[in-house]
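Just so it is clear, none of the values below were taken in a lab; they were calculated from the coordinates. On a predicted model such as this, the values are computed, not experimentally measured, just so you know. Cβ atoms come from the backbone with ideal geometry, glycine included; neighbour counts cover every protein chain shown.
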Amino acid sequence: MQLTKHHGLGNDFLIGFVAEQPSNASDLARQLCHRTEGIGADGLVLLVPHTEADARMVLHNADGSRAEISGNGLRCVGQALAIDGGVDAASFVVMTDAGPRLVAVEPGAGVLTAMVDAEMGEVTAIDPPPRDAEELAASLVDAQRVGSGAIGNPHIVVEVTDPSAIDLALVGPVVEHAVPSGTNVEFIAASGDDSIDLTAWERGSGITQACGSGACVGAVLANRWGLTGTRVRVGMPGGSATVEVGPTVHLIGPATLVARIEVPDV
């Protein structure tokens, strides 16, 4: 199997083009994403041909679980499609488990980096509302506000004084598993005009350097809470992305090619 490895602000993915989804994709993800026994990544993305899109994105988290969407993963897919097509600027329709998404790729700061605008869709309420999980999150940290939302995948967002002070390894899994299907958990704080800082615990991957879908939901809630306007800089441990808040949310940031990899046929 031929793979490329990409990262979006340190949130890294292995991406491969395949004729069809393999039956052992979940096992492959666990094996290949392992940080010491595999290649190492937060997720495995397999791109399958699709009649109504440029490709279908099938994403498995590092633990093998299937994910509906990933903002950083979607930007990395945009770069992978551009590389596969031999172009440095193009738009693609990518089918995800959350529906079709448009990605626009442009040249980035260096030859290995693209700047990608990913159309992420609408932030909606989680059904049923995760009230118990929200209350649990508020009880575990010094929360100022707690909210939730879905952008294909679920998120609980907690406003705190300093996101970097939160022990994600302690709080994250407790809140994640308070929702029957699991949830992503983000901690945010206003950090200036139209800016927030964010740290994330991702369902199925744990602590990541950045969470694109979480940045989108975090920015939307920050806007609703009066912390920001509609164009929000989201600072994360791996770097900053821009979120444009509206009926359709856009996530704009870099995607970087790390390596081309040949996986042995075993």
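Pairs of Cα atoms nearer than 8 Å and 6+ residues apart set the relative contact order; for the chain it is 21 percent. The alpha carbons of segment 62-163 occupy a box of 51, 29, 27 Å along the principal axes, longest dimension given first.
Just need log10 I(q)/I(0) for the chain at q = 0.10, 0.11, 0.16, 0.17 Å⁻¹, Debye formula, equal scatterers on the alpha-carbon atoms, no solvent, rounded to two decimals. These q points yield log10 I(q)/I(0) values of -0.45, -0.54, -1.17, -1.31. Taking 7 Å steps out from each Cα toward its Cβ at ALA90 and THR124 produces label points 3.1 nm apart.
Give the peptides 35-48, 16-29 in descending order of average Cβ contacts within 10 Å, highest first. Display every interim value, and only then the final one.
On the way: 35-48: 19.2, 16-29: 14.5.
The packing order, highest mean first, is 35-48, 16-29.
Here the sum of -39500 (n - 2.57) over DSSP H runs of 4 or more residues, divided by the residues of the chain, equals -6500 deg cm²/dmol at 222 nm, to the nearest 500. Distance between the 7 Å Cα→Cβ label points at SER26 and GLU135: 3.2 nm. Projecting label points 7 angstrom from Cα along Cα→Cβ for LEU112 and GLU262 puts them 2.0 nm apart.
Between ILE207 and GLN2, what FRET efficiency comes out of the Förster formula 1/(1 + (r/R0)^6) with R0 = 41 Å and r the beta carbon distance, rounded to 0.05? Each step should come with its number before you reach the end.
Details: r = 29 Å, r/R0 = 0.71.
Once the sixth-power term is evaluated, E becomes 0.90.
The alpha carbons of segment 131-246 stretch over 33, 24, 24 Å along the principal axes, in descending order.
Per-residue 3J(HN,Hα) values for segment 22-33, derived from phi via the Karplus relation 6.51 cos²θ - 1.76 cosθ + 1.60 with θ = phi - 60°, read x, 5, 9, 4, 5, 5, 4, 4, 4, 5, 6, 7 Hz in sequence order (x marks Gly and Pro). Suppose R0 equals 35 Å; then what is the FRET efficiency for ARG66 and ASP193 from their Cβ-Cβ distance, rounded to the nearest 0.05? E between ARG66 and ASP193, to the nearest 0.05, is 0.35.
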